[in-house]
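This is the structure, below, for whatever I ask next.
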Amino acid sequence: MLPLRYAGRWRMAGLALLALVLLASLMPMFWFFPDRNDFVTWFVHVDKWLHGIAFVVLAVWFAGQYQPRSYWRIALGLLAFGVLIEACQRLVTYRSADWLDIAADAAGITVGLAIALAGLGGWSLWFEKRLARGKVASGGD
């Protein structure tokens, strides 16, 4: 992990983000689309994109707290999380598991870590330094 002042808080926020993604993945879509035909039409077109975007966000989030040499661990952990999501979706009657979702997750992880390597990695350290400068300038803690 990077030398973060608020490492525990970053970890808790990361766990909350994982829980949010898991809950969103298990949420019955009929809560939002009472007409099943509207839902099926919409969902078929965006399901893989939603998986990919979620995992881009997760990869960039965790890359913000770790050194680039740990990115392979982030990739494996997030891929395992994607498999967990599909296993959980298989257990509920109103969702279905799909191996292509895991492929979309892997693509999202790859894009997210590429973004991190391109310069966004370690963003939380930058954020903490910026926050500390703001506190010094305002004279508060």
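Any idea which of Leu4, Leu26, Leu78 is at pLDDT 95 or above and either more than 30 Å from Trp123 (Cα to Cα) or out of contact with any Ser or Thr (no Cβ under 8 Å at 6 or more places or on another chain) (or both)?
Working: Leu4 fails: either more than 30 Å from Trp123 (Cα to Cα) or out of contact with any Ser or Thr (no Cβ under 8 Å at 6 or more places or on another chain) (or both); Leu26 fails: at pLDDT 95 or above.
Of the residues listed, the single one that is at pLDDT 95 or above and either more than 30 Å from Trp123 (Cα to Cα) or out of contact with any Ser or Thr (no Cβ under 8 Å at 6 or more places or on another chain) (or both) is Leu78.
How do the pairs read when you match residues in segment 94-108 that are under 12 Å from Trp49 (Cβ atoms) with residues anywhere that are open to solvent by 50 Å² or more (accessible area, probe 1.4 Å), using Cβ under 6 Å and keeping only pairs 6 or more apart or on different chains?
These pairs meet every condition: Ala104/Lys48.
Of the numbered conditions (1) in a helix (DSSP H, G or I); (2) open to solvent by 80 Å² or more (accessible area, probe 1.4 Å); (3) of a type outside the set (D, E, K, R), Tyr94 satisfies every one except a single condition; which is it?
(1)
Would you confirm, using the coordinates I've provided, whether Phe43 is at pLDDT 95 or above and either of a type in the set (A, V, I, L, M, F, W, C) or under 28 Å from Leu2 (Cβ atoms) (or both)? Give the steps one after another, and end with the answer.
Values: at pLDDT 95 or above: no; either of a type in the set (A, V, I, L, M, F, W, C) or under 28 Å from Leu2 (Cβ atoms) (or both): yes.
Here the answer is no, as Phe43 does not meet what is asked.
The values are calculated or read from the model by the stated rules, or taken from the named source; none is laboratory data. These numbers were taken from a predicted model, which means no experiment stands behind them. Virtual Cβ from ideal backbone geometry, glycine too; neighbours counted across all protein chains shown. Surface areas here come from the heavy atoms of the whole protein model, side chains and all, with no ligands, DNA or RNA. Shrake-Rupley method; radii C 1.70, N 1.55, O 1.52, S 1.80 Å.
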